[in-house]
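*Asks:* Quick one: the structure is below, and I'll ask about it shortly.
The values are calculated or read from the model by the stated rules, or taken from the named source; none is laboratory data. What you see is a predicted model, and the numbers here were worked out from it, not measured in a lab. Note that we place each Cβ from the backbone using ideal geometry, even for glycine, and neighbour counts take in every protein chain shown.
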Amino acid sequence: MNETIASVEALIVRVPREVPYLGPLREGESINEKGYLVRRGSRSISPASDQSVVVRVTSEGGTVAWGETYGIAAPEATKAIIDELLAPTLVGRDATAPAVLHDDLYDLMRVRGFFGGYFVDALAGIDIALYDLFGRLTGLSIAQLLGGKRHATLPAYVSGLPRSTLEERCALAEDWIGRGFRAVKFAAVVSDDGIVAEMAALREAVGPEVHLMVDLHWKFEASEAVRLIRKLEAHDLYFAEAPVQPEDLEGQARVAAAIGTPLALGEEWHTAYEYRPRFEARCMGIIQPEVAHTGLTQFARIGHLAQTFHVNVIPHASISIGLFTAASLQASAALPRVPYHEYQHSVFDANLRFTAGDMACADGHYRIPSGPGLGVEPTEALFDFIVKE
């Protein structure tokens, strides 16, 4: 096979939504003139719409492949990196060598210290598209390209309960359990009645058999986090996510050593280089790689590293029009220790119209898309939401 890359394009997608991510606005929160809001509970900025960056790669033979990367904040920055730096270096390169191309692209900015942030996000989108292209050229799925498909389905946990009151959030959790799901994560950033009170109410609502998780949004000092998580453990907490700031490696290790619940970390990290010292320090029992940050090459490397430390993988799923969700499912299907995959229902269900294929999430499980590469591709509906330059 002798296929080369003819072109690489980056497209910004912006899809309006009625209710912002994580639920209705709280007191003191507002959407600014650029379409962003800052959640007071986490101090993090988010768009009022669903934003993403889609990558289209075309081979000299005319095969078209797709990738997608993180576009939640200032997607124009990611697009500029692809257009100006990464895409021109790929033209004429071997279309069947995604890991080689990934490492070559990573090296482009190594001397300038760009081992994270927008540069690696841009690389992730291209990396996903290159694996999709390789799969389409060979007729193999990405799971097969990464060593073999271990799972036809993956258990899904319901992520987020975007309702205004605790009573409404409990009712929504009960509704999801009635649909066959057996795990729910709530967001501390919108636990207006208190995090422990929210956990207690949810446990009473869903019963003892359901796994309950909490996302703590990097809000706490390590000792504060330990005290809080111990209180939540009284209600059978399945995992505690992101209790301390992501750069606080020592704090992460302190929390992990002091609690009886697995600590879940990693959605904001990009490479195995960021994961390795945290594995060595025993900072977590669960990792949450976000393929829109890692791409598939690093996702696989991180997953294999997790196996050597006997750590479970429960991938993170952020705002996506569906392409990088498919990539995450494909990569997860090739790993042995994946008890759950995050299900962002308010994003996934609404945006499923943008992908053609058999990817689905129902009855508590994701169906891994079948077919070559990602197993999905954009529908015509997506192109109505491409931001015009």
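*Asks:* Which is touching a Leu at 6+ places or on another chain (Cβ under 6 Å), of a type outside the set (G, A, S) and either surrounded by fewer than 13 Cβ atoms within 10 Å (Cβ to Cβ) or under 22 Å from G373 (Cβ atoms) (or both), of D127, D107, D94, D121? Please lay out each step first, then the result.
*Replies:* Numbers: D107 fails: touching a Leu at 6+ places or on another chain (Cβ under 6 Å); D94 fails: touching a Leu at 6+ places or on another chain (Cβ under 6 Å); D121 fails: touching a Leu at 6+ places or on another chain (Cβ under 6 Å).
Going through D127, D107, D94, D121 in turn, the sole match is D127.
*Asks:* So, in region 53-85, exactly how many residues are at pLDDT 95 or above, not in a helix (DSSP H, G or I) and not aliphatic (A, V, I, L, M)?
*Replies:* Qualifying residue count, region 53-85: 11.
*Asks:* List the number of the failed condition for D104; all other conditions in (1) in contact (Cβ under 8 Å) with a residue 40 or more places away in the chain; (2) more than 24 Å from A326 (Cβ to Cβ); (3) more than 23 Å from the chain's Cα centre (by Cα) hold.
*Replies:* For D104, the exception is condition (1).
*Asks:* If we scan region 91-109, do we find a residue that is within 30 Å of R353 (Cβ to Cβ) and either out of contact with any Lys or Arg (no Cβ under 7 Å at 6 or more places or on another chain) or at pLDDT below 90 (or both)? Walk me through how you get there before you give the answer.
*Replies:* Keep residues of region 91-109 that are within 30 Å of R353 (Cβ to Cβ), which gives 95, 98.
Among the residues that remain, those that are also either out of contact with any Lys or Arg (no Cβ under 7 Å at 6 or more places or on another chain) or at pLDDT below 90 (or both) are: 95, 98.
There is at least one residue in region 91-109 that is within 30 Å of R353 (Cβ to Cβ) and either out of contact with any Lys or Arg (no Cβ under 7 Å at 6 or more places or on another chain) or at pLDDT below 90 (or both).
*Asks:* In region 169-212, what residues are touching a His at 6+ places or on another chain (Cβ under 6 Å), more than 14 Å from D236 (Cβ to Cβ) and not aliphatic (A, V, I, L, M)?
*Replies:* none
*Asks:* Taking region 141-186, which residues are surrounded by fewer than 22 Cβ atoms within 10 Å (Cβ to Cβ) and of a type in the set (A, V, I, L, M)?
*Replies:* Once the filter is applied, which keeps residues that are surrounded by fewer than 22 Cβ atoms within 10 Å (Cβ to Cβ) and of a type in the set (A, V, I, L, M), region 141-186 yields A152, L166, A171, L172, I177.
*Asks:* Please go through (1) surrounded by fewer than 17 Cβ atoms within 10 Å (Cβ to Cβ); (2) touching a helix residue (DSSP H, G or I) at 6+ places or on another chain (Cβ under 6 Å); (3) modelled with pLDDT of 95 or more for D193 and return the number of the only condition it doesn't satisfy.
*Replies:* Every listed condition holds for D193 apart from (3).
*Asks:* Quick one: which residue in S49, S59 is in the same structural domain as R136 (by TED's automatic domain parsing), under 19 Å from the mean Cα position of the chain (by Cα) and surrounded by 14 or more Cβ atoms within 10 Å (Cβ to Cβ)?
*Replies:* On the way: S59 fails: under 19 Å from the mean Cα position of the chain (by Cα).
The unique qualifying residue is S49.
*Asks:* Which of the residues spanning region 277-305 are among the basic types (K, R), under 28 Å from A258 (Cα atoms) and not in a loop (DSSP other than H, G, I, E, B)? Give the steps one after another, and end with the answer.
*Replies:* Of region 277-305, the ones among the basic types (K, R) are 278, 282, 301.
Among the residues that remain, those that are also under 28 Å from A258 (Cα atoms) are: 278, 282.
Across region 277-305, the qualifying residue is only R278.
*Asks:* Considering each residue of region 1-46, count those that are assigned to a loop (DSSP other than H, G, I, E, B) and aromatic (F, W, Y), and give that number.
*Replies:* Kept after step one, since they are assigned to a loop (DSSP other than H, G, I, E, B), are these residues of region 1-46: 1-3, 16-35, 40-43.
Those still in the list that are aromatic (F, W, Y) too: 21.
Going through region 1-46 one residue at a time, the tally reaches 1.
*Asks:* Follow-up question, since we're still on this one. Restricting attention to region 27-40, does a residue exist that is among the aliphatic types (A, V, I, L, M), in contact with a Leu (Cβ under 8 Å, 6 or more places away or on another chain), under 30 Å from T165 (Cα atoms) and buried (at least 19 other Cβ atoms within 10 Å of the Cβ)? Working first, answer last.
*Replies:* The first filter runs over region 27-40 and keeps only residues among the aliphatic types (A, V, I, L, M), leaving 31, 37-38.
From the residues that got through so far, the ones that are in contact with a Leu (Cβ under 8 Å, 6 or more places away or on another chain) too are 31, 37.
If we keep only those that are under 30 Å from T165 (Cα atoms) as well, we get 31, 37.
Those still in the list that are buried (at least 19 other Cβ atoms within 10 Å of the Cβ) too: 37.
Among the residues of region 27-40, at least one is among the aliphatic types (A, V, I, L, M), in contact with a Leu (Cβ under 8 Å, 6 or more places away or on another chain), under 30 Å from T165 (Cα atoms) and buried (at least 19 other Cβ atoms within 10 Å of the Cβ), which makes the answer yes.
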